[in-house]
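Below: one structure, written as structure tokens.
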Amino acid sequence: MNDTTIQKKSHEVTIYGKLHRVEVGTLIQPDEWFGSTRLESSDWDKAEFYLPSYQYEGVVTAVNIVVTGRTFQRRPFSDRLWVRVKIEFVRDGDEPSEFVSGWMAPEGGW
């Protein structure tokens, strides 16, 4: 386990008897994105992770992730198994955070 991994119940899901966690390096794809990227470590106290942009090199967004799904799903054009998540795009200052649904592909699948 990585030292930068944050342990919260909202980061965990047990599927087919195996525990899966959201952590640095986990593959995440927001619903409106055309591809997925891997979570990076955050040094900001308001965000648990950074999510690099799929389209724009060098652009990262501060995010918090909550696992909402309870089963794996097959997705079109992917050989991985995915589970649903809620993604909070954390904003700075007076701007409210934006919440979207998305997918997580836990390492090790099932």
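The values are calculated or read from the model by the stated rules, or taken from the named source; none is laboratory data. Quick caveat, the model's predicted, so the values are computed rather than measured. Neighbour counts are summed over all protein chains in view; Cβ atoms, including those assigned to glycine, are modelled from backbone coordinates with ideal geometry.
Of the residues contained in the range 69-76, none is found to be of a type outside the set (A, V, I, L, M, F, W, C), touching a Gly at 6+ places or on another chain (Cβ under 9 Å) and at pLDDT below 85. Here are 66, 85: which of them is crowded, with 19+ Cβ neighbours inside 10 Å, at pLDDT 90 or above and hydrophobic (A, V, I, L, M, F, W, C)? Only one candidate qualifies: 85. The residues of the range 39-55 that are assigned to a loop (DSSP other than H, G, I, E, B), in contact with a Phe, Trp or Tyr (Cβ under 6 Å, 6 or more places away or on another chain) and over 17 Å from residue 100 (Cβ atoms) amount to a single one, 42. Taking the range 93-110 as the search range and keeping residues that are in contact with a Lys or Arg (Cβ under 8 Å, 6 or more places away or on another chain) and exposed (fewer than 11 other Cβ atoms within 10 Å of the Cβ), which one is farthest from residue 28 (Cα to Cα)? The qualifying residue farthest from residue 28 (Cα to Cα) is 110. A count restricted to the range 56-77 and to residues that are within 18 Å of residue 87 (Cα to Cα) and not in a strand (DSSP E or B) stands at 6. Residue 75 passes every criterion in (1) farther than 22 Å from residue 97 by Cα; (2) touching a helix residue (DSSP H, G or I) at 6+ places or on another chain (Cβ under 9 Å) apart from (2).
For the range 78-96, the set of residues classified as assigned to a loop (DSSP other than H, G, I, E, B) and hydrophobic (A, V, I, L, M, F, W, C) consists of 90 only. A residue that is over 21 Å from residue 13 (Cα atoms) and in contact (Cβ under 8 Å) with a residue 40 or more places away in the chain occurs nowhere in the range 61-77.
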